[in-house]
Each structure stands twice: as C-alpha cells, then as structure tokens.
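FYI, it's all coordinate maths here, none of it is from the lab. Keep in mind the model is a prediction, meaning the values are calculated, not measured. When we count neighbours, we look across all protein chains shown, and the Cβ atoms used for this are built from the backbone with ideal geometry, even at glycine.
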Number of protein chains: 2
Amino acid sequence: MMQGRIEQALQAYMDADPSAPLLRESMAYSLLDGGKRVRPRLLLLVNAILGGSEETAMPFACALEMVHCYSLIHDDLPAMDDDAMRRGKPSSHIRFGEGNAILAGDGLLTKAGLLLMQQDGHDAAKRAIFEGAYAMVSGQSDDLNETEQNGETLERIHRNKTGALFVAACTAGAYLSDPEKAEEMRVFGETLGLLFQMTDDLLDEAQDRREGKLSYATLYGADETRVFIRDAAERANAILAPYTGEAADTLRELITTLRSRTF
Amino acid sequence: MMQGRIEQALQAYMDADPSAPLLRESMAYSLLDGGKRVRPRLLLLVNAILGGSEETAMPFACALEMVHCYSLIHDDLPAMDDDAMRRGKPSSHIRFGEGNAILAGDGLLTKAGLLLMQQDGHDAAKRAIFEGAYAMVSGQSDDLNETEQNGETLERIHRNKTGALFVAACTAGAYLSDPEKAEEMRVFGETLGLLFQMTDDLLDEAQDRREGKLSYATLYGADETRVFIRDAAERANAILAPYTGEAADTLRELITTLRSRTF
C-alpha cells in the first residue's frame with residue numbers, strides 16, 4: 001500500500017512535468033517502470049517508526065527515487081556498464097538513443113534537486129539526500145576506474161556507490177521526524193546497504209566471475225558472503241528491536257525480503 | 001576583480017572536494033578552465049546593484065557556474081554536439097573518456113545542488129537556479145530532437161537552452177538582495193540571454209549554415225540579427241537606467257562587451 005502511494009506520487013510529478021515532450025516521455029519511461037522502490041520505502045518507514053508524517057516525507061522519498069533512477073540510466077550507457085536491458089525492457093539509450101538517455105538522467109537529477117528545494121524547511125533531510133547523491137558519483141567513478149582487487153577497494157566502492165543512497169534514505173527519514181536518531185539510522189542504512197549489495201553480488205556471482213568483476217561473492221566466495229549477510233541482518237534487526245508497530249514490522253519484513261532473495 | 005574572487009571561490013570548493021581522485025580531477029579540469037564567468041558575474045552584479053552582500057551571494061554564483069559547466073561537458077559528448085575541443089583544450093570526454101565525462105557532469109550538477117542546500121535560507125534564490133537548470137535540460141532535448149526550422153521553434157529552444165540560466169542568474173541575484181525586483185530582473189535576464197545567444201549565432205553563422213543548423217543568423221540573416229542585438233542592448237540598458245554606482249556601471253560595460261563580440 002505504501003508502494004502504491006509512492007507510485008501515485010511519482011506519477012503525479014511526471015503528469016505535472018512541464019518539460020519538452022520527448023524529455024518528459026524518457027524520464028517517465030525509466031521512473032515509472034515498476035521498480036521495487038526500496039530506497040523511498042526505507043525513507044518513509046524510518047520516518048514512520050520515528051513518528052513523522054508521510055505527507056511531509058513523500059516528496060523527499062520521491063526525490064531520492066529520482067536520484068536512484070537517474071543513476072541507473074547513466075550507469076546503463078555504453079560508456080559505463082553498457083546494459084541493453086533494465087527491468088525486462090530496453091534501457092533508456094536503446095529506446096531513445098544515447099543523447100536522450102543522457103538528458104533523461106540529467107533531467108531526473110535536476111528534478112530531484114528542484115523538488116527538494118520546493119519543500120519548506122527540513123534542510124538537513126535535503127542535504128542528506130544530495131550528500132548521498134554526491135558520494136554515489138564518487139563510487140561510480142571508483143568503480144569505473146579501479147583496477148585493484150582487494151577488500152578495502154570493494155568496501156570503499158560499495159560504501160559510496162550503493163551504500164550512500166541507503167544511508168541517505170535512513171538519515172533523511174530521521175531528520176524529517178526525530179533528528180536525534182539520525183546517527184542510529186545512519187548505521188541502520190549502512191547495514192542495509194551492505195546487506196543489499198551482498199545479496200546482489202550473490203545473485204550476479206556467475207556473471208561477475210566470467211567478467212572478472214570485483215564483488216563480495218567473487219572475493220570472499222558464496223558461503224562466506226552468506227555469513228556476512230546473516231550478520232548484517234542480525235545487526236539491522238538489533239537496531240530495530242526497540243521499535244514496535246506496523247512500520248517497524250514492515251521494516252523487519254523488508255530485511256527478510258532483501259535477505260531471502262538469495263536463499 | 002570580481003572575476004578573480006569567483007575563480008578563488010570555485011578553486012576553494014574544488015580544493016575541499018572529497019570525491020574520488022579522478023572524478024575530482026575531471027570536475028576541476030572543466031570548472032577551472034578560464035571561462036568568462038558571465039552567469040555568476042551577472043548574479044553577483046544584480047545582487048550588488050540591489051544592495052546585497054557578495055559574501056552571501058558567492059556560493060549561489062558558484063553553484064550556477066557549476067550547472068553551466070556540467071551542461072557544457074554533457075553537450076560536448078559524442079551523442080550530443082560531439083565537440084572535441086572546448087576553450088582551446090580537449091573536451092572532457094577526449095581527455096578522460098566518455099564514462100568519466102558523463103560522471104564529471106553528473107558530479108558538478110550534484111555539487112551545485114548540494115552547495116545550494118548547504119546555504120541557510122534564501123529558498124527562492126535556490127529554486128530560481130534549479131528552475132533554470134531544469135528548463136535548460138528541456139531546451140537541450142528540444143535542440144537535439146527538433147526538426148522544424150522556424151522562428152517559434154528557435155525562440156522556444158533558445159529561451160530554455162540559453163536564456164534559462166541568464167534568467168536564473170538575474171532572478172537569484174534579486175531574490176538574494178531585493179525580492180521585489182525579481183520580476184524586473186527576470187526581464188533583464190531574458191533580454192541579456194537573447195543578446196548573448198544572438199551574438200553567439202552571428203559568430204557561428206558560417207559553420208551553422210554549412211551544417212544546416214537553426215540560429216538567429218541563419219534564419220534572419222546577419223543584418224537583421226544585428227538590429228535585434230541593438231534593440232536588446234537598448235532594452236537592457238533602459239532597465240538599468242535608474243541604477244547608479246560601480247556595479248551598475250560594470251553591468252553596462254558587460255552589455256557593451258557582449259554586444260561588441262560581433263562588431
């Protein structure tokens with residue numbers, strides 16, 4: 001149901017978008033494509049367990065999803081990961097051409113910034129989202145240019161490339177509701193980001209081994225990665241232990257779902 | 001002297017930048033390359049004639065220049081204008097490769113947003129800059145996909161692609177100092193953007209004619225474009241007429257300089 005409200009909000013932002021027709025179409029093509037919405041759900045759920053209003057938090061959640069979506073469009077480009085498919089359909093540059101895909105990504109990142117700037121107050125939550133977006137570009141750059149295959153490199157790339165938006169989701173959720181919990185929620189976000197990356201790496205293990213790509217699974221092996229995943233899930237659940245109610249239960253379910261992708 | 005202070009501020013932001021080494025290097029390569037800084041100077045000068053503080057306005061001016069700089073990097077990419085040179089040196093994708101050029105642009109746009117979000121208050125000025133950035137992407141999309149060669153199309157593309165950042169500079173300058181003048185300064189920005197575009201078009205006329213590119217010079221001819229430029233300069237100077245002092249004189253000089261590029 002929360003996911004349905006996120007879809008509705010994203011759809012409404014695109015319906016009201018004043019951009020040139022093809023730019024609007026290409027942004028909507030990638031943004032409204034049935035993603036799992038993990039990051040905005042995380043922001044709204046953290047906001048909810050700390051007593052925040054969903055109405056206030058929704059534009060922040062949508063801006064975060066726009067940032068995530070732009071990064072996927074640019075990541076799929078031939079000069080980056082060169083992926084022709086995304087979520088079962090042609091990626092943006094295959095569908096609209098490279099120039100338009102670059103602009104669709106630029107547009108979504110700019111729209112995210114503008115949407116945040118259009119909200120009153122909550123400066124710390126705005127900054128948390130763009131700090132995450134900025135660290136993510138750094139992670140992409142490391143990932144594109146890194147040649148060293150060791151645990152330290154893997155950790156740094158992951159922390160920025162994937163972890164930063166999970167941290168942004170959880171800290172922004174806290175800043176919107178109970179800023180004193182921001183540090184606790186930063187650790188929660190780091191832990192969930194790690195959990196997400198490691199399950200992703202397990203799912204991609206065969207392909208990553210063929211391509212010689214650095215990942216938790218290729219560096220440490222599947223068995224040890226599963227141990228890391230179990231530990232991360234336990235740490236995340238320990239942080240949630242004091243929280244009760246529907247949103248906290250949904251967060252616990254989200255952890256189980258993320259974990260069980262690989263079992 | 002104002003230009004020197006802009007250079008110093010941009011340099012300081014890059015010196016303190018925490019990004020991955022190659023990302024930081026590629027952003028600095030394009031940002032600190034001796035551009036004319038027309039847009040940030042315009043923001044600071046409008047802010048100054050309306051009694052604002054340069055210290056407060058400087059981060060806004062730098063963010064605007066970062067937005068302009070990202071747009072040049074992405075515009076030069078092979079899938080866009082495919083320009084190998086920029087300001088007398090290899091463009092970003094020639095120097096660092098396409099993937100890194102895409103990330104350098106993404107990084108500068110994100111850094112601009114983050115820098116704005118790190119400033120206290122002045123929400124209207126922040127929004128004005130990102131509204132300009134958003135309209136610009138729309139103009140780029142129109143420019144990339146447009147096939148109609150008429151005055152209406154030219155006007156729309158120009159208004160978004162070039163005009164939007166000039167409007168952003170002048171309205172943000174007003175919001176930072178005297179918000180009641182924002183509408184007057186919007187018209188001033190539109191007029192200067194037009195002046196800038198038309199002189200650019202005159203300079204590129206021969207090349208644009210060879211490539212069949214729509215511009216003021218190719219559509220209306222050089223003589224009529226010069227008449228438009230004279231009219232725009234007169235309208236801009238009329239808006240400035242009530243203002244006295246050093247900043248107003250510098251703005252009048254800027255208009256003369258922009259105009260005289262083509263004479």
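Springs join every pair of Cα atoms under 10 Å in this Gaussian network model of chain A, and among A:ALA84, A:ALA248, A:ALA61 the largest mean-square fluctuation is at A:ALA84.
For A:ASP249, the point set 7 Å out from Cα toward Cβ sits 7.5 nm from its twins in the other copies, listed from shortest up. One equal scatterer on each Cα of the stretch B:177-263, no solvent, Debye formula: the resulting log10 I(q)/I(0) at q = 0.12, 0.22, 0.23 Å⁻¹ is -0.40, -1.00, -1.06.
For chain A, the spread of Cα coordinates along the three principal axes comes to 50, 45, 28 Å, biggest extent given first.
Phi angles of the stretch B:242-255 translate, via the Karplus equation with coefficients 6.51, -1.76, 1.60 and θ = phi - 60°, into HN-Hα couplings of x, 9, 10, x, 4, 5, 5, 5, 5, 4, 4, 5, 4, 4 Hz per residue; Gly and Pro are given as x.
Max-minus-min Cα coordinates of the stretch B:1-122 on each principal axis give 44, 27, 21 Å, with the largest extent listed first. For the protein assembly as shown, the convex hull drawn through the C-alpha positions has a volume of 143 cubic angstrom per residue.
Are any of the pairs A:LYS181/A:LYS213; A:LYS161/B:LYS111; A:LYS89/B:LYS126; A:LYS111/B:LYS89 more than 28 Å apart by Cα-Cα distance, and if so, which? Violating the 28 Å limit, Cα to Cα: A:LYS181/A:LYS213; A:LYS89/B:LYS126; A:LYS111/B:LYS89. Compare A:PHE196, A:PHE130, A:PHE96 in a GNM of chain A, Cα atoms joined below 10 Å, and give the one with the largest fluctuation. Comparing A:PHE196, A:PHE130, A:PHE96 in the GNM, the peak value goes to A:PHE96. Farthest towards the positive end of the charge dipole of chain B, among the residues B:GLY189, B:ILE129, B:GLY51, is the Cα of B:GLY51, using unit charges on the Cβ of Lys, Arg, Asp and Glu. Put in order of Cβ neighbour count within 10 Å, fewest first, the listed residues B:LYS181, B:LYS36 become B:LYS36, B:LYS181.
Judged by the gyration tensor of its Cα atoms, with axes a ≥ b ≥ c, the stretch A:91-199 is oblate; a/c meets the 1.5 cut and b/c is at least as large as a/b. Considering only B:MET85, B:GLN140, B:TYR220, the residue lying farthest towards the positive end of the dipole of the stretch B:2-260 is B:MET85, judged by Cα position with unit charges set on Cβ. Each Lys and Arg Cβ is given +1 and each Asp and Glu Cβ -1; about its Cα centre, the protein assembly as shown then shows a dipole of about 120 debye. Any chance you could check the Cα centroid distance between the stretch B:38-75 and the stretch A:69-85 for me, in angstrom? A separation of 31 Å, based on Cα centres. For the pair the stretch B:118-165 and the stretch A:199-263, the centres of their Cα atoms are 42 angstrom apart.
Across identical copies of the chain, A:ASN145 has label-point separations of 3.3 nm, listed in ascending order, with the point defined 7 angstrom from Cα along Cα→Cβ. GNM on chain A, alpha-carbon springs under 10 angstrom: the most fluctuating residue among A:GLU54, A:GLU155, A:GLU190 is A:GLU155. Distance between the pseudo-spin-label points of B:ARG230 and B:ASN145 (7 Å out from Cα toward the beta carbon): 4.0 nm. Ranking of B:ILE255, B:ILE102, A:ILE49 by neighbouring Cβ atoms within 10 Å, starting from the fewest: B:ILE255, A:ILE49, B:ILE102.
Rounded to 0.05, the FRET efficiency of the A:VAL187 and A:SER260 pair, given R0 = 30 Å and the Cβ-Cβ distance, is 0.85. Using the Cβ-Cβ distance between B:ASP223 and A:ALA12 with R0 = 56 Å, the FRET efficiency computed as 1/(1 + (r/R0)^6) comes to roughly 0.70.
Neighbour counts of C-beta atoms inside 10 Å place A:VAL227, B:VAL167 in the sequence A:VAL227, B:VAL167, starting with the fewest.
Calculated FRET efficiency, A:GLU253 to B:GLU211, Cβ-Cβ distance, R0 = 51 Å: about 0.35 to the nearest 0.05. In chain B, helical runs assigned H by DSSP with n ≥ 4 each contribute -39500 (n - 2.57); averaged across all residues and rounded to the nearest 500, the mean residue ellipticity at 222 nm is -24000 deg cm²/dmol.
Segment A:LYS89..A:ASP120, full-extension length gain: 7.4 nm, with 0.36 nm per residue of separation and the alpha-carbon distance subtracted. Mind checking which aspartates and glutamates have their Cα closer than 15 Å to the Cα of A:LYS36? Skip sequence neighbours fewer than 8 apart in that chain. Within reach: A:GLU7, A:GLU65, A:ASP200, A:GLU253.
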